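Following: one structure in structure tokens, then a few remarks.
The values are calculated or read from the model by the stated rules, or taken from the named source; none is laboratory data. Given the structure is predicted, the values throughout are model-derived calculations rather than measurements. Every residue, glycine as well, gets a Cβ built from its backbone with ideal geometry; the counts of neighbours run over all protein chains shown.
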Amino acid sequence: MTQKQYELVMGNNPSEFKGDMRPVDKISYNTIRGDGEGTKWPKSSAVASTSFIGKLRARTGLTFDLPTEAQWEYACRAGTKSYYNNGGSSENSMKKLGRFTLNHKLRGWKESDSDFARHRPDGKGGYSKGHTVVGSIPAERMETLRHAR
């Protein structure tokens, strides 16, 4: 979830690397589901009312929850039979999926370049200076994500 989404539900933003569209960080499993009954997932869908999911459920009247490992894997695979969710199986296919140092070297940036030294010439974070902006990496195929629900 983005920091903005988290803040709208919880009223604060504990993240170290600030940015509305960056993923929230510095939160725990207990913050998401609560301790006690919240720790019994997926056997139990109970959550603490003060947890993120508890507050989200109260605000929306919907029964949100975390995906199981199998549901997450299915969504991440995006219906592909290849090694990677972009349909490829080569090292080049893998390199297109993430934002890390080697990607920038492949694009001609050198670690000594001032833009590279600012960690992300595109301003989207990642690798070591904050988290990548949500939506800045190509999305998975949507027809599969609809079926994962």
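The table below lists the values:
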{"read-out": "Which numbered condition T68 misses (of (1) in contact (Cβ under 8 Å) with a residue 24 or more places away in the chain; (2) closer than 27 Å to K4 by Cβ; (3) touching a helix residue (DSSP H, G or I) at 6+ places or on another chain (Cβ under 9 Å))", "value": "(3)"}
{"read-out": "Checklist (1) assigned by TED's automatic domain parsing to the domain that holds G135; (2) assigned to a loop (DSSP other than H, G, I, E, B); (3) under 20 Å from the mean Cα position of the chain (by Cα); (4) without any contact (Cβ under 8 Å) to a residue 40 or more places away in the chain applied to S82, failing item", "value": "(3)"}
{"read-out": "Candidates D35, D25 - the one that is acidic (D, E) and touching a residue at least 60 places away in the same chain (Cβ under 8 Å)", "value": "D25"}
{"read-out": "Meets criteria (at pLDDT 80 or above and loosely packed, with under 14 Cβ neighbours inside 10 Å) for K40", "value": "yes"}
{"read-out": "Filter pass, G54 being surrounded by 16 or more Cβ atoms within 10 Å (Cβ to Cβ), assigned by TED's automatic domain parsing to the domain that holds V133 and modelled with pLDDT of 80 or more", "value": "no"}
{"read-out": "Hits in segment 18-47 - residues which are of a type in the set (F, W, Y) and part of a loop (DSSP other than H, G, I, E, B)", "value": "W41"}
{"read-out": "Residue within segment 1-13 that is touching a residue at least 24 places away in the same chain (Cβ under 8 Å), part of a helix (DSSP H, G or I) and either more than 21 Å from G135 (Cα to Cα) or of a type in the set (D, E) (or both) present", "value": "yes"}
